[in-house]
Amino acid sequence: MKIAVVGSGYVGLVAGACFAENGNDVICIDKDETKVRTLQRGQIPIYEPGLEELVRRNRAEKRLTFTTDLPKGARTSQIVFIAVGTPTGEDGSADLQHVLGVAREIGRAMNGYKVVVNKSTVPVGTAERVRRTIAAETKQPFSVVSNPEFLKQGAAIDDFMKPDRVVIGAEDSRAAELMRELYAPFTRTGAPIMLMDCASAELCKYAANAMLATRISFMNEVANVCDAMGADVDQVRRAVASDKRIGPAFLFPGVGYGGSCFPKDVKAMLRFAGSADYDFQILRAVENVNERQKVRLLTKLQSRLGSLKKKKIAVWGLAFKPRTDDMREAPAVPLIKGLLAEGASVQAYDPEATKVARGIFGAKIKYAPNSYAALEGVDALLIVTEWNEFREPDFARMRKLMKNPAIFDGRNIYNPQQIRALGFEYVSMGRP
Ligand code: NAD
């Protein structure tokens, strides 16, 4: 099939490359000229495991091209995906200006029947707004489909190629059939293609992300109660997770959720529920707990070290989670800002996010070339992102480098007894 994907970010680029990998002709469109030039040179502007190779292979096979020319891309395609950002607006709702702007441009470029697919995460009712926006520009026939994306950054290719399910909101059978055909190669392992109305499809994505965010905030609160009462959240988690009704995923306490999706989607769901006069009380709490959790490590640090003035602190991990360079809403940001505000200096290391971090902190912090260099002369180490390379470090080397061997582990990656036996002071989340 001939496909255009508007928006070449984490979602659009992965979707475009994966559709091409299954034999489709894909044009990826972005308004960011620098990004498009980079992609045209065969370079990837983001870090996502496996993506570079996939893009390179499909570019070479001429199934994947990049352009800033939306009208041309839309005209030559039968299916046009909208995969642009839907950031939080001033009032907390999803800002739809990019989605509707793209819909208008597609409308103006229409030259025959097309399926316009909304892949961006958008509030209930957006498919209808997209339909009206396009209809205002053209008399050509078209269908609007809602196809929320569930990929996880860091495992995006695998998630896209082998999804748990494909959700398709469609109001007519012609569009539904085309989408079914497009996704058939991705669901050979038996994953269901779930056909439903657009409003339900739109809500699926928010409900899934809100549920995951709720589990995280819930477990963070359980960990905080463990801290207060001397219980061990690891033991509690294992026992709770073994209940088949609950299961083990997303029960790890930490420094709060971040990234470009959970915070904004929780906010947007609260907002659109509110606009329908429904007060989604649980989500309000989920959000408040998360804000508090993001600085909890700082409070723990202060309660052990006292004033942080002139203290040198190492931070391992800047990205909002491992295997990505994304720092949008990353807990490392408020944590580092808090450290700087208290007069501490920061030496940070992240395997992939240093470049992004430079854009946020500039010269306010030091960027270490490796994990050990970040430890030189520090009063404490904060572990903020659980990259695999932090799991089995050379502890003897670490002790030698640190002025004060104290580890504040926001991700519970070490065994408390073992690490103390090695001579470290060790503070983690919800473990005595
Ligand atoms: P992103 O910011 O990485 O990418 C969006 C891209 O769209 C940017 O490159 C931007 O330049 C481009 N763009 C914006 N307006 C444009 C226009 N008018 N014409 C052409 N290009 C335009 O965003 P993302 O993380 O890929 O997310 C996109 C959507 O997918 C969001 O709604 C998000 O909530 C949703 N989503 C994201 C993820 C994720 O893990 N990142 C997962 C599932 C769903």
Q. Once the Cβ-Cβ distance between Glu376 and Gln418 is put in as r, and R0 is 25 Å, what FRET efficiency do you end up with, to the nearest 0.05?
A. 0.55
Q) Beyond 19 Å, what percent of the Cα pairs of the range 1-65 remain? A) 16
Q. Simple spin-label model, 7 Å along Cα-to-Cβ: Phe250 to Gln43 in nm?
A. 3.7
Q: Using only the Cα atoms of the range 294-427, construct the convex hull and provide its projected area averaged over every direction, in square nanometres to one decimal.
A: 7.0
Q: Wrap a convex hull around the Cα atoms of the range 320-377, take a quarter of its surface area, and give that in square nanometres.
A: 3.9
Q: State the antiparallel share, in %, of DSSP beta bridges confined to the chain, rounding to the nearest 5.
A: 5
Q) Taking only protein heavy atoms and a 1.4 Å probe, what accessible area per residue, in Å², does the chain have with all protein chains in place? A) 45
Q) For Asn22 and Ser242, what is the calculated FRET efficiency with R₀ set at 35 Å and r taken between the beta-carbons, to the nearest 0.05? A) 0.35
Q | Pairs of Cα atoms farther than 19 Å apart, the range 206-292, % | A | 42
Q) Under the Kirkwood approximation for Rh and a Cα-based Rg, what ratio Rg/Rh is obtained for the chain? A) 1.01
Q: For helix 198-229, report the angle its Cα long axis makes with the longest principal axis of the Cα atoms of the chain; keep it between 0 and 90° and round to the nearest 10°.
A: 0
Q) Given a Förster radius of 41 Å and the C-beta distance between Lys152 and Lys364 as r, what FRET efficiency does 1/(1 + (r/R0)^6) yield to the nearest 0.05? A) 0.85
Q. What length, rounded to one decimal in nm, is gained on full extension from Thr354 through to Ala184, with 0.36 nm per residue of separation minus their alpha-carbon distance?
A. 57.3 nm
(Q) Pairwise over distinct Cα atoms, reciprocal of the mean inverse distance: report the Kirkwood radius of the range 2-196 in Å, one decimal place. (A) 16.7
**Q.** Segment Ala207-Leu340, length gained on full extension (0.36 nm per residue, minus Cα span)
**A.** 44.2 nm
Q.
For a quick check of your reading of the filter: which chymotrypsin sites (Phe, Trp or Tyr not before Pro) in the range 204-283 sit in a DSSP loop and have no more than 12 other Cβ atoms within 10 Å?
A. Tyr278
Q) So what's the range 97-237 giving for Cα Rg divided by 2.2 N^0.38 Å, two decimals? A) 1.36
Q | Gln78-Gln281 pseudo-label distance in nm [points 7 Å out on the Cα-to-Cβ vector] | A | 5.1
Q: For Arg57 and Arg108, calculate 0.36 nm times their separation in residues minus their Cα-Cα distance, and state this gained length in nm to one decimal.
A: 15.1 nm
Q | Qualifying chymotrypsin sites (Phe, Trp or Tyr not before Pro) for the range 10-118 [loop in DSSP, other Cβ within 10 Å: at most 13] | A | Tyr113
Q: Please go through the range 366-432 and write out the GluC sites (Glu not before Pro) that DSSP classes as loop and that have at most 16 other C-beta atoms within 10 Å.
A: Glu376
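The values are calculated or read from the model by the stated rules, or taken from the named source; none is laboratory data. None of the values given here were measured: they were computed from a predicted structure. Here Cβ is always computed from backbone atoms with ideal geometry, including for glycine, and neighbour counts include all displayed protein chains. Side chains are part of the model used for accessible areas, which takes the heavy atoms of the whole protein and leaves out ligands, DNA and RNA. Shrake-Rupley method; radii C 1.70, N 1.55, O 1.52, S 1.80 Å.
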